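Written below as structure tokens is the structure these notes are about.
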Amino acid sequence: MTHPSLDLYQALKHLRADPKLALLIERHGAPKFRPARDAFRSLTESIIYQQLTGRAASAIFDHFLDIFPNRRFPSPQELLKVSHQRLRKAGLSNQKATYVHDLAQKFCDGSIQPREFKTMSNEDISQHLTQVKGVGQWTADMFLMFALNRPDVLPVGDLGIRKGFKKLFNLRKDPSPEKMIALAESWRPYRTVASWYVWRAVEE
């Protein structure tokens, strides 16, 4: 079974029924979701960017690209040939250098099969990816949303999403994952797009 791609027109039509989201849609317009062409690159970037501010992460990512001829993003095989020390010198932490090697290894040995993603459920893809060291549910959710453009992902482990729910629903404290799932029930099957607007609410 192939999974439905994101229909932005239908998503916005559905989400405008929620007055809170209707206001945000009015103010911020339609998001752009473009599927990633290279699953390996998306996941490597996610690992490098974890727990860093955008600016610090892009500086490290720049140094990482400097390792390779013409700064072309490496294949899993090319990345495995780079030593741990060389990755550390480019600014990756000890853990992240281990994580990107583990990711490359799993792409090379077939533990991760990006061609299969089209027919896999979100849950199956999450389980598939979280076997990689350093890839947790948050990274899997971001990959489902922004690399695969799966229409119905609610990243309850994301700090910005929690803060956005607190603000949108006037809650006294950050909501639990269960509470967020209950509050977002009417946004199905377009919770990916709804989440994009929840992030905008925090930025405001």
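Annotations
- Whole-percent carbon and sulfur share, accessible surface of the chain, 1.4 Å: 51 percent
- At the residue level, T98 shows approximately 60 square angstrom of accessible surface with a 1.4 angstrom probe and all protein chains present.
- For the set H28, H128, solvent exposure ranked by accessible area (probe 1.4 Å, protein chains only) runs largest to smallest as H28, H128.
- Net length gained if the chain between Q105 and D38 were fully extended (0.36 nm per residue, minus Cα distance): 22.5 nm
- Proximal lysines relative to K20, as straight alpha-carbon distance under 29 Å, when same-chain residues fewer than 8 apart are discounted: K32, K163, K166, K167, K173, K179
- When the alpha carbon gyration tensor of the stretch 122-202 is reduced to an equivalent ellipsoid, its three semi-axes come out at 22, 14, 11 angstrom, largest first.
- Whole-number accessible area per residue in Å² for the chain, which is evaluated in the context of all protein chains at 1.4 Å: 55 Å²
- Stretch in the chain that is longest and holds no trypsin sites (Lys or Arg not before Pro) that DSSP places in a loop and that have at most 11 other beta carbons within 10 Å: 82-171
- Spin-label pair R27/R86, simplified geometry with 7 Å Cα→Cβ offset, distance in nm: 4.8 nm
- Partner lysines for K81 [C-alpha distance under 28 Å; skip if fewer than 8 residues away on the same chain]: K89, K96, K106, K133
- Gain on full extension, evaluated as 0.36 nm per residue between R71 and I181 minus their Cα-Cα distance, stands at 35.4 nm.
The values are calculated or read from the model by the stated rules, or taken from the named source; none is laboratory data. Owing to the predicted nature of the structure, the values given are computational and were not obtained by experimental measurement. Note: ideal-geometry Cβ built from the backbone for every residue, glycine included; neighbour counts use all protein chains shown. SASA here: full protein model, heavy atoms, side chains in, ligands and nucleic acids out. Shrake-Rupley method; radii C 1.70, N 1.55, O 1.52, S 1.80 Å.
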